[in-house]
1. If the requirement is being closer than 20 Å to residue 607 by Cα, more than 16 Å from ligand 1 (Cβ to nearest atom) and either under 18 Å from the mean Cα position of the chain (by Cα) or assigned to a loop (DSSP other than H, G, I, E, B) (or both), which of these qualifies: 583, 506?
2. Exactly one of these conditions fails for residue 532: (1) under 17 Å from the mean Cα position of the chain (by Cα); (2) under 19 Å from residue 558 (Cβ atoms); (3) among the acidic types (Asp, Glu). Give me its number.
3. More than 18 Å from residue 547 (Cα to Cα), among the aromatic types (Phe, Trp, Tyr) and not assigned by TED's automatic domain parsing to the domain that holds residue 520, is that true of residue 124?
4. When you scan the stretch 100-150, how many residues do you find that are under 27 Å from residue 519 (Cα atoms), β-branched (Val, Ile, Thr) and assigned to a helix (DSSP H, G or I)?
5. If a residue counts only when it is of a type in the set (A, V, I, L, M), under 18 Å from the mean Cα position of the chain (by Cα) and assigned by TED's automatic domain parsing to the domain that holds residue 521, which strands (runs of 3 or more DSSP E) contained entirely in the stretch 537-577 have at least 3 such residues?
6. Please work out if residue 381 is of a type in the set (A, V, I, L, M, F, W, C) and either assigned by TED's automatic domain parsing to the domain that holds residue 245 or in a strand (DSSP E or B) (or both).
7. Just a yes or no: is a residue in the stretch 489-497 modelled with pLDDT of 95 or more and not hydroxyl-bearing (Ser, Thr, Tyr)?
8. Of the residues 248, 252, which is among the small types (Gly, Ala, Ser), in the same structural domain as residue 312 (by TED's automatic domain parsing) and touching a residue at least 24 places away in the same chain (Cβ under 8 Å)?
Amino acid sequence: MTTGQLIVVDHAVALLSVVAWSAAGATAALRRTRPALGLLVVAVVVTLARVGTVAVLAGRGWWFVREKVLLGLPLLVTVGAAAVAVAGAHLRTGRHTHRTAVVLLLGTGYAALAGLLTTLVAGYPLTVSTGLIAIAAVGGAALLTARVLDNPPAPTGEPTIERRRFLGAAGGAVVAGAGTTGVGLLFLPSEPAAVDGGGTGQTVSVADLRGAGEPAPGGEVRRYTLTARVATVRLPTGREVEAWTFDGRVPGPPVTATEGDVIEVTLRNTDIGDGVTLHWHGYDVPCGEDGAPGVTQDVVRPGGEFVYRFRADQTGTYWYHTHQASHRGVRRGLFGTLVVTPRDRPADDARRLDLTLPVHTYDDTTVLADPDGRTEHTAAVDTPVRLRVVNTDSVPHRLALAGTPFRVAAVDGRDLNRPGEVVRTALRLPAGGRYDLVFVMPDRPVTLVVDDADAVHVRPGGDAGGPVEDPSGWPELDLLRYGVPAAVPFDADGGDVTRHFTMVLDRGVAMVDGSPAFAQTVNGRGHPSVPDQLVAEGDLVRFTVVNRSLETHPWHLHGHPVLVLSRNGTRAAGSPLWMDTFDVRPGEVWRVAFRATNPGVWMNHCHNLAHAHEGMMLRLRYHGVTTPFHGAHTGA
Ligand code: C2O
Ligand code: CU
């Protein structure tokens, strides 16, 4: 069972325990001793099952069970044990049920509920105050129940409750629960303080970390002007949408360059009220060119302008997008593709069919087409073909290439080492990610399928039709086992790591941009209250990213590709895999590493841009780098 499934099962068993204990209490209160006894047995069995699911989950990582082990289970088991001791005896004799027993049974239901709510509402990590609130709530609810049960006059002939004995027992159970839990809470580590990265004491402003001077020998300056404005555009499907565009088109104009060129882009904003910036997704530009509003620049308001300039030393498939209110702006169209081709190209490159294919969802229409909206292409038999697929959405897409064997030549712009040929194999492309698929044109049509719908056809000319295969059942390629291992520039499993950060992703109540929210959290906090990660230039940094939630989080660090080390404890065994956006699915634990060689203040966030907006975003800051920009709202 995957950890994600295990989390769901554990939630279900927790809910069942709430129901079972409450039902036992309610039936006992109605003096139906036989059913009550039966329900008590069920409640005990469910509680033991719960101990089991938590134990299995603990085997997947302490992050998944912390609040359950420290608070939920101790409270449940202590109050439950008292309930069994008192109510069990009463119910078995079949005599009248003492009200203490009823309160303890219901109290166990409250304890189970408090544990479940702590997991769902407070999330990770458990804090002492959350623990105390949960205990107080259970105690308060139990005492209130006692009062309610105590007040109605007992029917004639029934012995009245001895108020003091009953209060004593209920109170004792809660105190015992609190005590056990309190001992658990003592083991909570205190919040780690931010650690400074060390260094020389000199500081530099991101505003001074600006781009390149001159192109490399043989290169040129590639100048673009991108003007952001609202426009009505016609989708390849024929539908018209009101979009936010660069130059009146979606996607925006493709930005291309040859390795060593200088890219210079003038961004203007006509009428995008949110303001815009340009972030070069996956491209390791100097920090001042990174387009993070309020961090690396001020947002470009209507009438404003900003010039980006950087050298295109990195080849491959990338994209650009606004980083201001990006959950809205990117969705509505403020993005485009960025492709940099090598200066020394193989001889047969001239006849290659090279397509850049962003996939984007407008409202509910998913479009996969080249930047001009074309979905039909021809290539003569034996022509090499490269399809550069870019996921500009906030959710992953399933891709399949029907009609030909192919290779995944590059992931997130970086070439893989000796990628093998695959056939009838699907791919899952994370939000923000890119795959370059290559094949040699066969004598029948090739179809690129997205989410099981035909999207792009490449035909060998003539009238070649031919059946399209149905890829819906194809297995997914695991990139952690694809290609051939090769030397990597550092040993991130050995002693070389100089900084290690763990990010536990969850949902919970937290402050986001100054207001309380049911947030997407990193270590229990929302942006901008997530502490900065501090590094020094030259550090070898390792991230452990843990997903405790039931949603996928495509994790994206600006300014640095990360080398994937392992997923769920299993080491990456294929080609070195460098990614700038990797999908951390529910219950997954990823370890990645990178060398800190690009000084700056860098956004580090979930690329489900709605999640980033809901708090799942922080900054990685180099020692000695400061920012003069103070956006109230930095990015998503
Ligand atoms: Cu493509 Cu900060 O994002
Ligand atoms: Cu997310």
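The values are calculated or read from the model by the stated rules, or taken from the named source; none is laboratory data. Keep in mind the model is a prediction, meaning the values are calculated, not measured. We place every Cβ from the backbone using ideal geometry, glycine too, and count neighbours over all the protein chains shown.
1. 506
2. Checking residue 532 against (1) under 17 Å from the mean Cα position of the chain (by Cα); (2) under 19 Å from residue 558 (Cβ atoms); (3) among the acidic types (Asp, Glu), the one that fails is (1).
3. The answer is no for residue 124.
4. 8
5. Correct list: 562-567.
6. no
7. Looking for residues that are modelled with pLDDT of 95 or more and not hydroxyl-bearing (Ser, Thr, Tyr), one finds none in the stretch 489-497, hence no.
8. Residue meeting the stated conditions: 252.
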